[in-house]
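Trainee: Quick one: the structure is below, questions incoming.
Quick note: the coordinates plus some simple rules give every number you see, no bench work behind them. Every value quoted in this text rests on a predicted model; they were computed, and no experiment measured them. Positions of Cβ are generated from backbone atoms using ideal geometry, with glycine treated the same way; all protein chains shown enter the neighbour counts.
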């Protein structure tokens, strides 16, 4: 049961500036105790969005004109630090479908792709231009062509980088290994029946 292919995405953007934004900033460690990922969207960037008393710090995510944004833009080495899968989970559960950045930490990128979140890298100049366009117009649509690995905003197109394996997985709806396993559940069950150490199996 292949998932829906992800060929194109479009939505409003929000810029969270800075290089080396690590997973602890994306989702503070105390939220890792959660048994499920439900509600993690509310904790996204929690410690830089609110002070210790819970007062808002005017983070870009909380600006009224950025509500409903589905494309997150940031700097180089996004998602570095510990390899917690809660980080991309919190981004997806906050409503984002894509992250555009200068580069990505490898494990974050892999975890994000497994969730069907597109992570597209842009060169410094192009990233600055896209961020400037988004900052100038909160209503600007950021369009991503996953097959071509391009971004279009304010009438200008920019070529990005997306590894061939991730591009293939996204565009073929093969980004979630669990979905592929379920697609072959009959084969798995048949193999299990032949194993002597599985209930019902014969030697």
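Trainee: Percent relative contact order of the range 1-76, based on C-alpha pairs within less than 8 angstrom and at least six residues apart?
Mentor: Rounded, it is 51 percent for the range 1-76.
Trainee: Per-residue ellipticity at 222 nm for the chain, helices alone: DSSP H runs ≥ 4 residues times -39500 (n - 2.57), over residue total, nearest 500 deg cm²/dmol?
Mentor: -8500 deg cm²/dmol, from helical runs alone.
Trainee: Peptides 31-42, 148-159: what's the order by average Cβ count within 10 Å, highest mean first?
Mentor: 148-159, 31-42
Trainee: Expected output is a single nm value to one decimal: the length gained when fully extending between residue 186 and residue 10, i.e. 0.36 nm times separation in residues minus the C-alpha distance. What is it?
Mentor: Full extension of this stretch gives 59.7 nm more.
Trainee: Same structure, new question: Just to confirm the number: angle between the C-alpha axis of helix 124-136 and the first principal axis of the chain, 0 to 90 degrees, nearest 10?
Mentor: Rounded to the nearest ten degrees, it is 70.
Trainee: 7 Å from Cα along Cα→Cβ at both residue 62 and residue 168: what's the point-to-point distance in nm?
Mentor: A separation of 4.4 nm, rounded to one decimal place.
Trainee: Quote the convex hull volume per residue of the range 69-177, based on C-alpha atoms, as a whole number of Å³.
Mentor: Dividing the Cα hull volume of the range 69-177 by its residue count gives 93 Å³.
Trainee: Starting from a Cα-only point model with no solvent, please compute log10 I(q)/I(0) by Debye for the range 1-71 at q = 0.16, 0.22 1/Å.
Mentor: -0.74, -1.13
Trainee: Further question: Here are some values of percent of Cα pairs over 31 Å apart: (i) 25; (ii) 34; (iii) 13. Which one was computed from this structure?
Mentor: (i)
Trainee: Quick one: work out the % antiparallel among DSSP beta bridges in the range 8-194, nearest 5.
Mentor: 55 percent
Trainee: Peptides 97-110, 63-76: what's the order by average Cβ count within 10 Å, highest mean first?
Mentor: 97-110, 63-76
Trainee: While we're on this one: Over the chain, what relative contact order in percent results from Cα pairs under 8 Å that are six or more residues apart?
Mentor: Once normalised by length, the contact order is 26 percent.
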